[in-house]
Amino acid sequence: MYEAPITAERIKKTAKTKNLQLKDMLIKLQLNKNTLSNMYNGSMLRGDSLARIADYLEVSVDYLLGRTDNPEINQ
């Protein structure tokens, strides 16, 4: 259904376009430093962790999951 490596790549690309360091994001969100590496190896994040990353990056969870190409948050 949803592929963790695709989600990890979207997180990485989004952080890069916003000039955010992944290491700093993971520390601030209290996530393991190997989070993205684990995702590239197929482990999907829990929903609450994914939501925190989406909030930090100011994009929708749907965008990170690849359900839409629109990063805007629908409110």
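Data for the structure
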item: Residue selected from the range 19-37 under the condition in contact with a helix residue (DSSP H, G or I) (Cβ under 8 Å, 6 or more places away or on another chain) and open to solvent by less than 80 Å² (accessible area, probe 1.4 Å), by the criterion nearest to Leu65 (Cα to Cα); result: Leu36
item: Qualifying residue in the range 22-31 (condition: polar (S, T, N, Q) and under 22 Å from Ile73 (Cα atoms)); result: no
item: Residue pairs meeting the criteria (Cβ under 8 Å; at least 6 apart or on separate chains; first of a type outside the set (S, T, N, Q), in the range 35-48; second in a loop (DSSP other than H, G, I, E, B) and open to solvent by less than 70 Å² (accessible area, probe 1.4 Å)); result: Met39/Leu45
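The values are calculated or read from the model by the stated rules, or taken from the named source; none is laboratory data. Nothing here was measured: the structure is a model prediction, and the numbers come from that model. Every residue, glycine as well, gets a Cβ built from its backbone with ideal geometry; the counts of neighbours run over all protein chains shown. Just so you know, the surface numbers come from the protein's heavy atoms only, side chains and all, with ligands and any DNA or RNA stripped out. Shrake-Rupley method; radii C 1.70, N 1.55, O 1.52, S 1.80 Å.
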